[in-house]
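Reviewing the structure listed below.
The values are calculated or read from the model by the stated rules, or taken from the named source; none is laboratory data. Because the structure is predicted, anything quoted here is derived from the model rather than measured. No Cβ is skipped: glycine too gets one built from the backbone with ideal geometry, and neighbour counts run over all protein chains shown. The area values use the complete protein model at the heavy-atom level, side chains included, leaving out ligands, DNA and RNA. Shrake-Rupley method; radii C 1.70, N 1.55, O 1.52, S 1.80 Å.
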Amino acid sequence: MNVPTTKPYFPPEDIEEILKGMEEILSSGRFIKGRFLSAFEEEFARFVGARYAIATSSGTAALELVYRYFDVKGKEVITPTNTFIATSNAVLFAGGRPVLADMDADTLCLDVADVEKRVTPQTCGVVLVHMVGFITPQIEKIRSLCKERNLFFVEDASHAHGASYNGIKAGTWGDAAVFSCLATKVMTTGGVGGVITTNTENLALFARSLRFHGEDKTRGIQDRIGNNWMLSEPQALIGYVQTKRLSEIVEKRMAIAKRYDEVFGEISRLKIFSLPGGATCGYYKYPLLLQAPLVRSNIIKALEENGVATGGSYWPPCHLQPVYKKEFGYKEGDFPIAEDILSRVVTLPIYAGMTDEEIAYVIDAVKRSIVITNPR
Ligand SMILES: Cc1ncc(COP(=O)(O)O)c(C=O)c1O
(Lines give C-alpha, C1' and ligand atoms only; values in the text may rest on other atoms or scores of the structure.)
Protein backbone atom coordinates (compact mmCIF):
# COMPACT_ATOMS: atom_id res chain seq x y z
CA MET A 1 0.00 0.00 0.00
CA ASN A 2 1.18 3.56 -0.69
CA VAL A 3 0.08 6.27 1.72
CA PRO A 4 0.82 9.91 0.79
CA THR A 5 1.68 12.53 3.43
CA THR A 6 -1.44 14.52 2.61
CA LYS A 7 -4.34 14.86 0.19
CA PRO A 8 -6.92 17.65 -0.16
CA TYR A 9 -10.47 16.67 0.82
CA PHE A 10 -13.26 17.12 -1.74
CA PRO A 11 -16.37 14.97 -1.18
CA PRO A 12 -18.58 14.50 -4.31
CA GLU A 13 -21.05 17.25 -3.33
CA ASP A 14 -18.18 19.76 -3.05
CA ILE A 15 -16.85 18.76 -6.47
CA GLU A 16 -20.37 19.29 -7.84
CA GLU A 17 -20.62 22.74 -6.24
CA ILE A 18 -17.21 23.72 -7.63
CA LEU A 19 -18.09 22.53 -11.14
CA LYS A 20 -21.33 24.50 -11.03
CA GLY A 21 -19.44 27.59 -9.87
CA MET A 22 -16.83 27.09 -12.60
CA GLU A 23 -19.58 26.99 -15.18
CA GLU A 24 -20.83 30.34 -13.88
CA ILE A 25 -17.31 31.84 -13.97
CA LEU A 26 -16.61 30.59 -17.47
CA SER A 27 -19.88 31.74 -18.93
CA SER A 28 -19.80 35.14 -17.19
CA GLY A 29 -16.10 35.64 -17.99
CA ARG A 30 -15.57 37.20 -14.56
CA PHE A 31 -12.23 35.85 -13.35
CA ILE A 32 -11.22 38.39 -10.69
CA LYS A 33 -12.97 40.49 -8.03
CA GLY A 34 -16.27 38.69 -8.46
CA ARG A 35 -18.85 37.20 -6.13
CA PHE A 36 -16.72 34.18 -5.16
CA LEU A 37 -13.96 36.39 -3.78
CA SER A 38 -16.49 38.15 -1.52
CA ALA A 39 -18.14 34.84 -0.59
CA PHE A 40 -14.80 33.25 0.34
CA GLU A 41 -13.67 36.25 2.37
CA GLU A 42 -16.99 36.52 4.21
CA GLU A 43 -17.11 32.79 4.97
CA PHE A 44 -13.49 32.69 6.12
CA ALA A 45 -13.90 35.75 8.38
CA ARG A 46 -17.07 34.22 9.86
CA PHE A 47 -15.36 30.87 10.45
CA VAL A 48 -12.34 32.44 12.17
CA GLY A 49 -14.38 35.04 14.04
CA ALA A 50 -12.43 38.01 12.65
CA ARG A 51 -13.99 41.21 11.31
CA TYR A 52 -12.05 41.04 8.04
CA ALA A 53 -10.56 38.37 5.81
CA ILE A 54 -8.54 39.45 2.77
CA ALA A 55 -7.60 36.78 0.24
CA THR A 56 -4.21 36.92 -1.46
CA SER A 57 -2.26 35.00 -4.09
CA SER A 58 -0.19 33.14 -1.45
CA GLY A 59 0.69 32.98 2.21
CA THR A 60 4.04 34.57 1.41
CA ALA A 61 2.33 37.55 -0.27
CA ALA A 62 0.00 37.84 2.75
CA LEU A 63 3.00 37.94 5.10
CA GLU A 64 4.81 40.61 3.08
CA LEU A 65 1.65 42.65 2.91
CA VAL A 66 1.15 42.53 6.70
CA TYR A 67 4.81 43.36 7.37
CA ARG A 68 4.51 46.32 4.99
CA TYR A 69 1.46 47.53 6.92
CA PHE A 70 3.49 47.46 10.13
CA ASP A 71 6.32 49.25 8.32
CA VAL A 72 9.13 46.88 9.26
CA LYS A 73 11.57 48.69 6.95
CA GLY A 74 14.96 49.06 8.69
CA LYS A 75 13.66 47.30 11.82
CA GLU A 76 13.90 43.86 13.40
CA VAL A 77 11.12 41.27 13.48
CA ILE A 78 11.39 38.18 15.69
CA THR A 79 10.40 34.96 13.91
CA PRO A 80 10.96 31.31 14.89
CA THR A 81 13.89 29.42 13.41
CA ASN A 82 11.59 26.39 13.07
CA THR A 83 9.28 27.50 10.32
CA PHE A 84 9.06 27.51 6.57
CA ILE A 85 11.57 30.10 5.44
CA ALA A 86 8.80 32.28 3.91
CA THR A 87 7.86 33.53 7.41
CA SER A 88 11.21 35.29 7.72
CA ASN A 89 11.97 35.87 4.02
CA ALA A 90 8.87 38.04 3.75
CA VAL A 91 10.39 40.34 6.43
CA LEU A 92 13.33 40.83 4.08
CA PHE A 93 10.99 41.53 1.13
CA ALA A 94 9.36 44.27 3.22
CA GLY A 95 12.75 45.81 4.01
CA GLY A 96 13.16 44.53 7.58
CA ARG A 97 15.56 42.15 9.26
CA PRO A 98 14.36 38.81 10.63
CA VAL A 99 15.80 37.88 14.03
CA LEU A 100 15.35 34.17 14.69
CA ALA A 101 14.30 32.75 18.05
CA ASP A 102 14.27 29.26 19.53
CA MET A 103 11.27 27.04 20.21
CA ASP A 104 9.73 25.29 23.18
CA ALA A 105 10.43 21.54 23.21
CA ASP A 106 6.90 20.49 24.17
CA THR A 107 4.82 22.71 21.90
CA LEU A 108 7.11 23.13 18.86
CA CYS A 109 6.17 26.84 18.99
CA LEU A 110 8.15 29.97 19.99
CA ASP A 111 9.54 30.04 23.51
CA VAL A 112 8.57 33.29 25.23
CA ALA A 113 11.77 33.44 27.35
CA ASP A 114 13.90 33.16 24.22
CA VAL A 115 11.82 35.79 22.43
CA GLU A 116 12.23 38.19 25.37
CA LYS A 117 16.02 37.79 25.23
CA ARG A 118 16.07 38.87 21.60
CA VAL A 119 14.01 42.07 21.90
CA THR A 120 16.18 45.15 21.19
CA PRO A 121 15.33 48.84 20.64
CA GLN A 122 15.17 47.98 16.90
CA THR A 123 12.51 45.28 17.34
CA CYS A 124 9.11 46.22 15.98
CA GLY A 125 7.19 42.93 16.10
CA VAL A 126 6.94 39.22 16.84
CA VAL A 127 5.56 36.51 14.54
CA LEU A 128 4.27 33.33 16.16
CA VAL A 129 3.85 30.29 13.91
CA HIS A 130 1.20 27.84 15.14
CA MET A 131 3.36 24.85 14.31
CA VAL A 132 1.36 22.02 12.69
CA GLY A 133 -1.73 23.78 14.07
CA PHE A 134 -0.75 23.80 17.78
CA ILE A 135 -1.59 27.06 19.51
CA THR A 136 0.94 27.27 22.30
CA PRO A 137 -0.34 27.85 25.85
CA GLN A 138 2.44 30.50 25.97
CA ILE A 139 0.45 32.62 23.51
CA GLU A 140 -1.02 34.85 26.22
CA LYS A 141 2.48 35.60 27.54
CA ILE A 142 3.85 36.33 24.06
CA ARG A 143 0.90 38.62 23.35
CA SER A 144 1.36 40.45 26.68
CA LEU A 145 5.08 40.84 26.02
CA CYS A 146 4.27 42.46 22.67
CA LYS A 147 1.76 44.79 24.27
CA GLU A 148 4.14 45.86 27.05
CA ARG A 149 6.98 46.55 24.58
CA ASN A 150 4.74 48.16 21.98
CA LEU A 151 5.46 45.50 19.35
CA PHE A 152 3.04 44.19 16.75
CA PHE A 153 1.98 40.58 17.20
CA VAL A 154 1.28 38.55 14.06
CA GLU A 155 0.17 34.93 13.85
CA ASP A 156 1.55 32.92 10.97
CA ALA A 157 -1.43 30.56 10.97
CA SER A 158 -0.42 28.84 7.73
CA HIS A 159 -0.78 25.46 9.45
CA ALA A 160 -3.67 26.38 11.69
CA HIS A 161 -6.97 26.58 9.80
CA GLY A 162 -9.60 25.62 12.37
CA ALA A 163 -7.18 25.48 15.32
CA SER A 164 -8.26 26.98 18.64
CA TYR A 165 -7.07 27.32 22.22
CA ASN A 166 -9.23 28.31 25.18
CA GLY A 167 -12.11 28.68 22.73
CA ILE A 168 -10.26 31.31 20.67
CA LYS A 169 -9.50 30.48 17.06
CA ALA A 170 -6.20 30.92 15.26
CA GLY A 171 -6.52 34.11 13.28
CA THR A 172 -7.93 36.25 16.08
CA TRP A 173 -5.14 36.26 18.68
CA GLY A 174 -2.82 38.70 16.95
CA ASP A 175 -3.04 42.17 15.42
CA ALA A 176 -3.24 40.20 12.19
CA ALA A 177 -2.91 36.60 11.08
CA VAL A 178 -1.81 35.01 7.86
CA PHE A 179 -2.96 31.67 6.43
CA SER A 180 -1.41 29.75 3.53
CA CYS A 181 -3.86 27.83 1.35
CA LEU A 182 -1.21 25.87 -0.53
CA ALA A 183 -2.30 22.43 -1.79
CA THR A 184 -0.59 20.66 1.15
CA LYS A 185 -2.33 22.70 3.84
CA VAL A 186 -5.42 21.79 5.94
CA MET A 187 -7.54 23.49 3.26
CA THR A 188 -6.61 24.86 -0.14
CA THR A 189 -7.75 27.47 -2.61
CA GLY A 190 -6.88 25.12 -5.44
CA GLY A 191 -3.11 24.86 -5.30
CA VAL A 192 -1.89 28.28 -4.17
CA GLY A 193 -3.44 31.10 -2.19
CA GLY A 194 -3.47 32.89 1.15
CA VAL A 195 -5.67 34.86 3.53
CA ILE A 196 -5.10 37.65 6.04
CA THR A 197 -7.47 38.00 8.99
CA THR A 198 -7.67 41.06 11.24
CA ASN A 199 -10.06 43.20 13.25
CA THR A 200 -8.30 46.39 12.14
CA GLU A 201 -10.17 48.23 9.41
CA ASN A 202 -7.11 50.22 8.26
CA LEU A 203 -5.13 47.03 7.78
CA ALA A 204 -7.97 45.50 5.75
CA LEU A 205 -8.16 48.61 3.52
CA PHE A 206 -4.37 48.66 3.12
CA ALA A 207 -4.31 44.95 2.21
CA ARG A 208 -7.10 45.30 -0.37
CA SER A 209 -5.23 48.18 -1.93
CA LEU A 210 -1.76 46.65 -1.87
CA ARG A 211 -2.86 43.31 -3.35
CA PHE A 212 -4.11 45.19 -6.41
CA HIS A 213 -1.23 47.51 -7.35
CA GLY A 214 -1.93 50.06 -4.60
CA GLU A 215 -5.27 51.08 -6.06
CA ASP A 216 -7.34 53.17 -3.67
CA LYS A 217 -11.12 53.42 -3.58
CA THR A 218 -11.20 55.05 -7.00
CA ARG A 219 -10.75 52.68 -9.90
CA GLY A 220 -7.49 53.27 -11.78
CA ILE A 221 -5.98 55.54 -9.08
CA GLN A 222 -2.94 54.19 -7.27
CA ASP A 223 -1.84 55.98 -4.13
CA ARG A 224 0.78 53.54 -2.83
CA ILE A 225 3.26 51.05 -4.31
CA GLY A 226 1.42 47.77 -4.58
CA ASN A 227 1.73 44.44 -6.27
CA ASN A 228 -0.41 41.84 -8.03
CA TRP A 229 -1.32 39.58 -5.14
CA MET A 230 -4.90 38.78 -6.20
CA LEU A 231 -6.71 35.51 -5.77
CA SER A 232 -8.70 34.58 -8.89
CA GLU A 233 -12.40 33.65 -8.93
CA PRO A 234 -11.76 29.91 -9.56
CA GLN A 235 -9.37 29.88 -6.58
CA ALA A 236 -11.81 31.83 -4.39
CA LEU A 237 -14.62 29.45 -5.36
CA ILE A 238 -12.56 26.45 -4.21
CA GLY A 239 -11.56 28.31 -1.04
CA TYR A 240 -15.22 29.12 -0.32
CA VAL A 241 -16.31 25.48 -0.67
CA GLN A 242 -13.33 24.29 1.42
CA THR A 243 -14.06 26.81 4.19
CA LYS A 244 -17.63 25.51 4.47
CA ARG A 245 -16.12 22.02 4.84
CA LEU A 246 -13.41 23.14 7.31
CA SER A 247 -15.05 22.05 10.60
CA GLU A 248 -15.51 18.55 9.23
CA ILE A 249 -11.96 18.44 7.87
CA VAL A 250 -10.57 19.44 11.29
CA GLU A 251 -12.78 16.92 13.10
CA LYS A 252 -11.65 14.08 10.85
CA ARG A 253 -7.98 14.99 11.17
CA MET A 254 -8.31 15.24 14.96
CA ALA A 255 -9.88 11.77 15.09
CA ILE A 256 -6.91 10.31 13.16
CA ALA A 257 -4.44 12.10 15.46
CA LYS A 258 -6.30 10.68 18.46
CA ARG A 259 -5.85 7.15 17.11
CA TYR A 260 -2.16 7.77 16.51
CA ASP A 261 -1.81 9.30 20.02
CA GLU A 262 -3.43 6.27 21.67
CA VAL A 263 -1.04 3.82 20.00
CA PHE A 264 2.18 5.82 19.88
CA GLY A 265 1.70 7.22 23.40
CA GLU A 266 2.23 3.67 24.68
CA ILE A 267 5.56 3.13 22.88
CA SER A 268 8.46 4.21 25.08
CA ARG A 269 10.79 5.13 22.20
CA LEU A 270 8.23 7.58 20.79
CA LYS A 271 6.97 10.81 22.28
CA ILE A 272 3.70 12.30 21.13
CA PHE A 273 2.83 16.00 21.24
CA SER A 274 -0.43 16.14 23.18
CA LEU A 275 -3.00 18.86 22.60
CA PRO A 276 -3.99 20.84 25.69
CA GLY A 277 -7.54 19.98 26.87
CA GLY A 278 -10.26 21.77 24.92
CA ALA A 279 -7.90 22.81 22.11
CA THR A 280 -8.65 21.99 18.48
CA CYS A 281 -6.05 21.39 15.80
CA GLY A 282 -6.26 20.57 12.09
CA TYR A 283 -2.91 18.72 12.25
CA TYR A 284 -1.29 20.13 9.16
CA LYS A 285 1.18 17.35 10.00
CA TYR A 286 1.26 14.69 12.71
CA PRO A 287 4.63 14.93 14.47
CA LEU A 288 6.30 12.16 16.48
CA LEU A 289 9.47 12.67 18.51
CA LEU A 290 11.93 9.78 18.28
CA GLN A 291 13.86 8.87 21.44
CA ALA A 292 17.38 7.39 21.31
CA PRO A 293 18.47 4.95 20.00
CA LEU A 294 15.98 5.56 17.16
CA VAL A 295 17.55 7.48 14.27
CA ARG A 296 15.33 9.71 12.16
CA SER A 297 16.86 8.92 8.77
CA ASN A 298 16.62 5.15 9.40
CA ILE A 299 12.97 5.36 10.45
CA ILE A 300 12.10 7.52 7.44
CA LYS A 301 13.88 5.08 5.12
CA ALA A 302 12.08 2.08 6.63
CA LEU A 303 8.69 3.81 6.37
CA GLU A 304 9.26 4.92 2.81
CA GLU A 305 10.34 1.42 1.80
CA ASN A 306 6.93 0.33 3.07
CA GLY A 307 5.13 2.94 0.99
CA VAL A 308 4.48 5.40 3.84
CA ALA A 309 5.44 8.92 2.80
CA THR A 310 6.92 10.94 5.66
CA GLY A 311 8.12 14.43 6.31
CA GLY A 312 9.77 16.52 8.94
CA SER A 313 8.94 19.64 10.82
CA TYR A 314 11.50 21.97 9.29
CA TRP A 315 14.73 20.06 9.56
CA PRO A 316 17.05 21.81 8.94
CA PRO A 317 15.55 24.91 10.56
CA CYS A 318 15.99 28.37 9.02
CA HIS A 319 19.27 29.19 10.81
CA LEU A 320 20.93 26.10 9.33
CA GLN A 321 19.72 26.75 5.78
CA PRO A 322 22.75 27.57 3.61
CA VAL A 323 21.26 30.91 2.58
CA TYR A 324 20.75 32.12 6.19
CA LYS A 325 24.18 30.89 7.28
CA LYS A 326 25.65 32.92 4.45
CA GLU A 327 23.42 36.01 4.86
CA PHE A 328 23.33 36.26 8.65
CA GLY A 329 26.24 34.15 9.92
CA TYR A 330 24.06 31.67 11.81
CA LYS A 331 25.77 28.41 12.74
CA GLU A 332 25.18 25.06 14.38
CA GLY A 333 24.53 25.35 18.11
CA ASP A 334 22.79 28.77 17.84
CA PHE A 335 19.34 27.31 18.62
CA PRO A 336 19.91 24.15 20.67
CA ILE A 337 16.27 23.22 21.33
CA ALA A 338 15.26 23.46 17.68
CA GLU A 339 18.34 21.50 16.63
CA ASP A 340 17.76 18.72 19.15
CA ILE A 341 14.00 18.34 18.66
CA LEU A 342 13.66 18.87 14.90
CA SER A 343 16.48 16.45 14.13
CA ARG A 344 14.33 13.80 15.86
CA VAL A 345 10.84 14.66 14.56
CA VAL A 346 9.17 12.52 11.90
CA THR A 347 5.76 13.50 10.57
CA LEU A 348 3.20 10.92 9.50
CA PRO A 349 0.46 10.95 6.85
CA ILE A 350 -2.75 12.65 7.95
CA TYR A 351 -5.66 13.85 5.80
CA ALA A 352 -9.42 14.01 6.14
CA GLY A 353 -10.10 11.30 3.54
CA MET A 354 -7.70 8.78 5.10
CA THR A 355 -9.28 5.33 5.33
CA ASP A 356 -9.22 3.03 8.37
CA GLU A 357 -7.00 0.64 6.39
CA GLU A 358 -4.52 3.41 5.62
CA ILE A 359 -4.41 4.51 9.27
CA ALA A 360 -3.88 0.92 10.46
CA TYR A 361 -1.22 0.42 7.78
CA VAL A 362 0.72 3.52 8.91
CA ILE A 363 0.52 2.44 12.57
CA ASP A 364 1.78 -1.01 11.69
CA ALA A 365 4.55 0.38 9.48
CA VAL A 366 5.78 2.65 12.30
CA LYS A 367 5.88 -0.27 14.74
CA ARG A 368 7.76 -2.37 12.21
CA SER A 369 10.22 0.44 11.42
CA ILE A 370 11.19 0.54 15.10
CA VAL A 371 11.84 -3.20 15.16
CA ILE A 372 13.68 -3.24 11.81
CA THR A 373 16.00 -0.36 12.70
CA ASN A 374 16.54 -1.47 16.33
CA PRO A 375 16.16 -5.23 16.49
CA ARG A 376 17.04 -5.45 20.20
C1 LIG B 1 4.53 28.46 8.30
C2 LIG B 1 4.42 28.88 6.87
N3 LIG B 1 4.45 30.20 6.58
C4 LIG B 1 4.34 30.63 5.32
C5 LIG B 1 4.19 29.76 4.27
C6 LIG B 1 4.12 30.30 2.89
O7 LIG B 1 2.87 30.12 2.33
P8 LIG B 1 2.67 29.99 0.72
O9 LIG B 1 3.36 28.75 0.28
O10 LIG B 1 1.20 29.95 0.58
O11 LIG B 1 3.28 31.21 0.12
C12 LIG B 1 4.12 28.38 4.53
C13 LIG B 1 3.93 27.34 3.52
O14 LIG B 1 4.00 27.21 2.45
C15 LIG B 1 4.26 27.93 5.86
O16 LIG B 1 4.22 26.63 6.15
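Details
- Its residues counted as N, segment 1-138 yields a C-alpha radius of gyration over 2.2 N^0.38 Å of 1.34.
- Test item: Cα-centred dipole of the chain, Lys/Arg +1 and Asp/Glu -1 on Cβ, debye: 520 debye
- Magnitude of the charge dipole for segment 246-373, about its Cα centre and with charges confined to Cβ atoms of Lys, Arg (+1) and Asp, Glu (-1), is about 300 debye.
- Measuring nothing but protein heavy atoms, the accessible surface of the chain at 1.4 Å probe radius is 51 percent carbon and sulfur.
- Of the residues Ala255, Tyr351, Ile299, the one whose Cα sits farthest towards the positive end of the charge dipole of segment 246-373 is Ile299 (charges of +1 on Lys and Arg Cβ, -1 on Asp and Glu Cβ, taken about the Cα centre).
- Alpha-carbon centroids, segment 312-353 and segment 50-84: separation in whole Å: 21 Å
- With the Kirkwood sum run over all distinct C-alpha pairs, segment 96-232 has a hydrodynamic radius of 16.3 Å.
- Of Lys73/Lys244; Lys7/Lys217; Lys271/Lys326; Lys75/Lys117, pairs whose Cα-Cα distance is over 28 Å: Lys73/Lys244; Lys7/Lys217; Lys271/Lys326
- Mean separation of Cα pairs under 8 Å and 6 or more residues apart, divided by the residue count, gives segment 274-363 a relative contact order of 41 percent.
- Spread over its residues, the convex hull of the C-alpha atoms of segment 12-243 is 115 Å³ per residue.
- Computed 3J(HN,Hα) for segment 332-343, one whole-Hz value per residue from the Karplus formula 6.51 cos²θ - 1.76 cosθ + 1.60 where θ = phi - 60°, is 4, x, 5, 10, x, 5, 4, 5, 5, 5, 5, 6, glycine and proline marked x.
- Sorting the segments 205-218, 59-72 by their mean number of nearby beta carbons within 10 angstrom, highest to lowest, gives 59-72, 205-218.
- In sequence order, calculated HN-Hα J values of segment 44-58 (Karplus, 6.51, -1.76, 1.60; Hz; x Gly/Pro): 5, 4, 5, 4, 6, x, 9, 5, 10, 10, 10, 7, 9, 6, 6
- Estimated D of segment 126-185 in µm² per second, where Rh is the Kirkwood radius over Cα pairs and Stokes-Einstein applies at 10 °C, 1.306 mPa s: 138 µm²/s
- Cα gyration tensor shape for segment 241-280, rounded if a/c is under 1.5, else prolate or oblate: prolate
- Rounded to whole Hz, the Karplus (6.51, -1.76, 1.60) HN-Hα couplings of segment 122-130, x for glycine and proline: 8, 5, 10, x, 10, 10, 9, 9, 7
- Distances between placed amide hydrogens fall under 5 Å for Val3 paired with Val308, Ala309, all partners being 5 or more residues away or on another chain.
- Accessible-area rank, largest first, for Val115, Val192: Val192, Val115, with all protein chains present and a 1.4 angstrom probe.
- Bridgeable aspartates and glutamates around Lys169 (alpha carbons under 14 Å apart, same-chain partners fewer than 8 residues away excluded): Glu140, Glu155, Asp156.
- Alpha carbon convex hull of segment 246-373, volume per residue in cubic angstrom: 134 Å³
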